[in-house]
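**Student:** One structure, as structure tokens, below. Some questions next.
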Amino acid sequence: MSNSMWGGRFADAPDAVLEAINASIDFDRRFYAQDIRASKVHVAMLAATGIVAREDAAAIFKGLTEVQAEIEAGNFTFSRALEDIHMNIESRLAEIVGPAAGRLHTARSRNDQVATDFRLFVRDALDALDLSLAQLQTALVDKAIEHSATVMPGFTHLQSAQPVTFGHHLLAYVEMIGRDRSRVTDARKRMNECPLGAAALAGTSFPIDRTMTARGLGFDRPTANSIDSVSDRDFVLETLSIAAICAGHLSRFAEELVLWSTPQFGFIKLSDRFSTGSSIMPQKRNPDAAELVRGKSGRVTGALVAMLTVMKGLPLAYSKDMQEDKEGLFDALDTLDLCVAATAGMVADMTPDPAAMRRAAGSGYSTATDLADWLVRVVGMPFREAHHVTGRIVAKASETDTPLEKLPIEEMQAVEPRITEEVFEVLGVRNSVKSRTSYGGAAPDNVREQAGRWRRILRKE
Ligand code: ARG
């Protein structure tokens, strides 16, 4: 038997392999609610414009509500032969409503239908993502306030660079996630146009009201070009790229959690709730959740690359290749959602060790820049010369493995006679970090101010 929806010109049924490669029902059933919502608004518009009789529209509307209830109660039989969610719903609707159900598909095609449904789905998903990112920011800000004055080593090249504060380091991630969230807002605005009514690709001869449809679905306006409407998957690509960037941020943080929780660093202890044991080594506390956040970012980036590749050579307008937009996006968003939750959980639960961080902050001559700055400020040396002089002092100190603040003044004076006892004030890590008061710098006062700013922003939302 040929396909009941489009089989008019076919004598034979599709091969089982065609059915297997063609069907999307196993995954696109996920946006059944969006499909039904869009159909309801579409049929209401068809009635308002006199294209479909009010009684038929009302029957369709009621039938769609019934279909939704069946799906939600688990009483709906999804059929692969009916390919996708659109035809599964419409076919069941015909069983409930009778021939009038056939009027629902007037002035639309699955091409504009899927573009609309998927936009609605992605829009909802972006709103949910924004919410969970705000929760992660809150967890980070809370810890940053607690540790606004906790000194830790700042790194470049993963070598000790200059002392910073733990709070300042955490707020770096709050900024990143803030940008992720602003990308979500931007993308949402751009995608918020309604493709429904573009039909297959050329628009329709029926006197539809696309503005009414757009409004009914919460879109800002209808899309302006029917060909673009059914060909565009920018909103998928943008969402995936936001997800990939965000997953990348989480992955960098996860890498730091892995490092910090090693006995060698010992900067933090992850809670029991977020650590796993080893089946052979009884002493182990493994940071599996952090490793998986790091690892799963690969999947999210993979979904972006896959979709960029799917889209890049497609001629206008719709091609079935575009059905490949769904699984990658679902997986990327589910994965990201889990990673955000795991990160927030690890942050809220972790116990930092300020003494270990402070010890590490003092090693590796991390206040050498403070010495050079002192030579500029007090002695009046050009910075380049001060850098060189300081380098010689560090070389001397490291011969005996002596920290700068413990190096006898005579040894420093042997390199630069104008150095006085006063210099010791800037050589301790606490003073070093306190002095970083330039806007955006690591000083505890700055951290309190910036964390306070974020807290106000997050509470107002
Ligand atoms: N399942 C299809 C998709 O996801 C719906 C659109 C089908 N359109 C068509 N002309 N075959 O893209």
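**Student:** Look through Leu304, Leu375 and report the one residue that is open to solvent by less than 20 Å² (accessible area, probe 1.4 Å), out of contact with any strand residue (DSSP E or B) (no Cβ under 8 Å at 6 or more places or on another chain) and either part of a helix (DSSP H, G or I) or among the acidic types (Asp, Glu) (or both).
**Tutor:** Among Leu304, Leu375, only Leu375 is open to solvent by less than 20 Å² (accessible area, probe 1.4 Å), out of contact with any strand residue (DSSP E or B) (no Cβ under 8 Å at 6 or more places or on another chain) and either part of a helix (DSSP H, G or I) or among the acidic types (Asp, Glu) (or both).
**Student:** Within the stretch 144-166, does at least one residue satisfy the condition of being within 16 Å of the ligand (Cβ to nearest atom) and in a helix (DSSP H, G or I)?
**Tutor:** Checked the stretch 144-166: no residue is within 16 Å of the ligand (Cβ to nearest atom) and in a helix (DSSP H, G or I).
**Student:** Can we say Gly218 is outside any helix (DSSP H, G or I), open to solvent by less than 50 Å² (accessible area, probe 1.4 Å) and modelled with pLDDT of 95 or more?
**Tutor:** yes
**Student:** Checking the structure you have, find out if any residue of the stretch 312-323 is in contact (Cβ under 8 Å) with a residue 12 or more places away in the chain and basic (Lys, Arg).
**Tutor:** yes
**Student:** Would you mind stating whether Asp321 is within 16 Å of the ligand (Cβ to nearest atom) and either farther than 27 Å from Ser226 by Cβ or in a helix (DSSP H, G or I) (or both)?
**Tutor:** Here the answer is yes, as Asp321 does meet what is asked.
**Student:** Still on this model: Among (1) more than 17 Å from Pro195 (Cβ to Cβ); (2) within 11 Å of the ligand (Cβ to nearest atom), which single condition is Ser91 missing?
**Tutor:** Condition (2) is where Ser91 drops out.
**Student:** Then there's this: Looking at (1) farther than 29 Å from Asp334 by Cα; (2) surrounded by fewer than 21 Cβ atoms within 10 Å (Cβ to Cβ), which one does Thr138 not meet, given that it meets all the others?
**Tutor:** (1)
**Student:** OK, next. Checking Asn3 against (1) open to solvent by 10 Å² or more (accessible area, probe 1.4 Å); (2) not in a loop (DSSP other than H, G, I, E, B): exactly one of these is not met. Which one?
**Tutor:** It fails just one condition, (2).
**Student:** Under 6 Å between Cβ atoms, at least 6 apart or on separate chains: pull out the pairs that start in the stretch 103-124 with a residue that is of a type in the set (Phe, Trp, Tyr) and end on any residue that is more than 8 Å from the ligand (Cβ to nearest atom) and open to solvent by 10 Å² or more (accessible area, probe 1.4 Å).
**Tutor:** Note: pairs meeting the criteria are Phe121/Gln34.
**Student:** Every residue in the stretch 421-436 that is over 13 Å from Thr150 (Cα atoms), free of Cβ contacts under 8 Å to residues at least 40 places away in the same chain and open to solvent by 90 Å² or more (accessible area, probe 1.4 Å), please.
**Tutor:** Those that are over 13 Å from Thr150 (Cα atoms), free of Cβ contacts under 8 Å to residues at least 40 places away in the same chain and open to solvent by 90 Å² or more (accessible area, probe 1.4 Å): Glu421, Glu425.
**Student:** Let me spell it out: the conditions are (1) farther than 28 Å from Leu316 by Cβ; (2) in a helix (DSSP H, G or I); (3) open to solvent by 40 Å² or more (accessible area, probe 1.4 Å), and Ser279 meets all of them except one. Which number is the exception?
**Tutor:** Condition (2) is where Ser279 drops out.
This table checks each residue for (1) of a type in the set (D, E, K, R); (2) surrounded by 17 or more Cβ atoms within 10 Å (Cβ to Cβ); (3) in contact with a Cys (Cβ under 9 Å, 6 or more places away or on another chain).
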site	(1), (2), (3)
Lys326	yes, yes, no
Leu338	no, no, no
Ala342	no, yes, no
Ala348	no, yes, no
Ser398	no, no, no
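**Student:** Moving to a separate point now. Looking at the structure I just gave you, is Arg418 farther than 19 Å from Thr165 by Cα, part of a loop (DSSP other than H, G, I, E, B), open to solvent by 60 Å² or more (accessible area, probe 1.4 Å) and touching a helix residue (DSSP H, G or I) at 6+ places or on another chain (Cβ under 9 Å)?
**Tutor:** yes
**Student:** Sticking with this one: For residues that are within 16 Å of the ligand (Cβ to nearest atom) and of a type in the set (A, V, I, L, M), scanning just the stretch 307-318, find the one that is surrounded by the most Cβ atoms within 10 Å (Cβ to Cβ).
**Tutor:** So, considering only residues that are within 16 Å of the ligand (Cβ to nearest atom) and of a type in the set (A, V, I, L, M), the one surrounded by the most Cβ atoms within 10 Å (Cβ to Cβ) is Met307.
**Student:** Please count how many residues of the stretch 165-209 are under 21 Å from Gln450 (Cβ atoms), open to solvent by 30 Å² or more (accessible area, probe 1.4 Å) and hydrophobic (A, V, I, L, M, F, W, C).
**Tutor:** Going through the stretch 165-209 one residue at a time, the tally reaches 1.
**Student:** Taking the residues in the stretch 438-461 that are part of a loop (DSSP other than H, G, I, E, B) and at pLDDT 95 or above as candidates, determine which candidate is nearest to the chain's Cα centre (by Cα).
**Tutor:** It comes out as Gly440.
The values are calculated or read from the model by the stated rules, or taken from the named source; none is laboratory data. Everything numeric here is computed off the predicted structure, so don't read it as measured data. Because the Cβ atoms are built from the backbone with ideal geometry, glycine has one as well, and the counts that use them run over all protein chains shown. These accessible areas exclude ligands, DNA and RNA; they are computed on the full protein's heavy atoms, side chains included. Shrake-Rupley method; radii C 1.70, N 1.55, O 1.52, S 1.80 Å.
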